[in-house]
Amino acid sequence: MAFSVTSSLVHTSSIDQAIAAHFGAFQPLDRLNSAATAVNFSTRRWSVTPLNAELNRNDSIVSAAAAVSSTPGLLNAAEVAGHVEGEDYGELAKELDNCSPLEIMDKALEKFGNDIAIAFSGAEDVALLEYARLTGRPFRVFSLDTGRLNPETYRFFDEVEKHYGIHIEYMFPDAAEVQDLVRNKGLFSFYEDGHQECCRVRKVRPLRRALKGLRAWVTGQRKDQSPGTRSEVPVVQVDPVFEGLDGGDGSLVKWNPVANSKGDDIWSFLRTMNVPVNSLHAKGYISIGCEPCTRAVLPGQHEREGRWWWEDAKAKECGLHKGNIKEENVNGSAVHPNGTTPHSDLFSSNNVVSLSRRGIENLLKLEKRSEAWVVVVYAPWCRFCQAMEESYVELGEKLAGSGVKVAKFRGDGGEKAFAQEQLQLGSFPTVLLFPKHASRPVKYPSEKRDVDSLLAFVNALE
């Protein structure tokens, strides 16, 4: 099974209702106002099989989509699809922007049923679990175990499982990838060349695998968490980076119930509800990640000062929430995805060749090639190109030494007309395969841009 599910009981006490009222106008138990409603609601909750009682800790989070969908009392995939079809999440974000985290959480769990899960990092986002409990709805929880977390965090995971009566489902990095990274660059290469590569192996790729079994996920992102990067996080959005169960753009919805909350508000809530917290917080740790990359902060310092402290403040993101990062140019003005201001280049990797105009023209002229080539025609400002960066870089790694070259060609600006005429560019990104024994490139026809789909395309034609 993929996820742990906790069948949260309905809480009808006056204490819970008073707490819910205190932290927002939303009353999660309004449906219990009449006796008949109370009976129906309670029956619906108890009809849910508590999957967490059946889970083994080594169960895969990805494999459970089919197994869980038939559970009595939970929404199946077809029902969820009916709920989300035609939904305008931009408008929904506006409608919910002034709602309490509890109301937003309830909406998320109601809408997606068993196709949504809460991402739990072992820090103050335990508030998400408490909000989920207060809704009275079943909920799933998963976490990324990078293999380098603090001992206190592992003990905290165990305490949380016991407190909520759940099993957290852990996603682990690929052992071979970690082995290659450590053997080639050592245990602490991130202190020298930045944390992105290590985070990609230990966090981003495991998360990508987890989300492929979902249609929505819940995060603890807040606008006040990181200077200059998370100031525009909406409470709900179509995920701009990751793909969900159906694959392709728009296949995953991301919920950020505490986006508008302040850190102090979260801590007031945690103290009021008397929930377990990571013991590192009492030692000056606020934002908690891997042990080598996390340290305590001094009074008055921003919480992200304790993460990747050797890097610039604008780089303090691991890639899990790349789509929510607000970039700035050297003058401090916001960068918008229209190509009018500078953007960092994409697909930077030793395994991805950067082609010039002359290089791509030479490739087009060859009727027979000694090696096949995969080329992405892209624009750095395009959010769809940004979203596939991780999978395309991974494609380059997997095809290294295989006889298939992986390359990129920037097709915006002055090159756009050429790309449209010669490279079949309709929209960014466009992926082309130049086979060994064919003069014309073959255009990748799908919007599924995960590495497995791209590999299947290459293997089918080579």
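For A216, enumerate residues with amide H under 5 Å from its amide H, sequence gap 5+ or separate chain, H modeled in the peptide plane.
Hits under the 5 Å cutoff: A117, V253.
So for region 80-236, if I pair up every lysine 8 or more residues apart or on another chain, how many of those pairs have alpha-carbons under 23 Å apart?
Summing the qualifying lysine pairs gives 9.
Hey, can you grab everything whose amide H is under 5 Å from the amide H of A123? Only 5+ residues off in sequence or another chain; H modelled, so Pro and N-termini drop out.
Under 5 Å from the amide H of A123 lies no amide H from a residue far enough along the sequence or on another chain.
When only Cα pairs under 8 Å and 6 or more residues apart are kept, what is the percent relative contact order across region 232-308? Before the final figure, lay out each step's value.
Details: 76 pairs, mean separation 14.2, N = 77.
Computed value for region 232-308: 18 percent relative contact order.
Cut-off under 16 Å on the C-alpha distance; same-chain residues fewer than 8 positions from K416 excluded. Which aspartates and glutamates are left, in chain and number order?
In chain and number order, the partners are E361.
Pull out a ≥ b ≥ c, the square roots of the eigenvalues of the alpha-carbon gyration tensor of region 374-462, then state rounded if a/c is under 1.5, prolate if not and a/b is larger than b/c, and oblate in the remaining case.
Oblate, since a/c reaches 1.5 and b/c is not below a/b.
How far is it, in nm, from the label point at R358 to the one at K94 when both lie 7 Å from their Cα along the line to the Cβ?
Rounded to a tenth, the inter-label distance reads 5.1 nm.
Quick check on packing: order 430-443, 106-119, 262-275 by the mean number of other C-beta atoms within 10 Å, highest mean leading. Write down the numbers at each step before the final one.
Details: 430-443: 16.9, 106-119: 23.1, 262-275: 14.6.
The peptides rank, most packed first, as 106-119, 430-443, 262-275.
How much FRET efficiency would the formula 1/(1 + (r/R0)^6) give for H437 and E110, where r is the Cβ-Cβ distance and R0 is 41 Å, rounded to 0.05?
It comes to 0.15.
How charged is the neighbourhood of Y131? Take every other residue with its Cβ under 11 Å from the Cβ of Y131, and add Lys/Arg as +1 and Asp/Glu as -1.
Around Y131, the surrounding residues sum to -2.
So, in nm, how far is label Q424 from label E291 when the simple model puts each one 7 Å beyond its Cα toward the Cβ?
Rounded to a tenth, the inter-label distance reads 5.1 nm.
Where a number appears in this text, it was derived from the coordinates with a stated rule and is not lab data. Computed from a prediction, not measured in an experiment: that's the story for all the values here. Note that we place each Cβ from the backbone using ideal geometry, even for glycine, and neighbour counts take in every protein chain shown.
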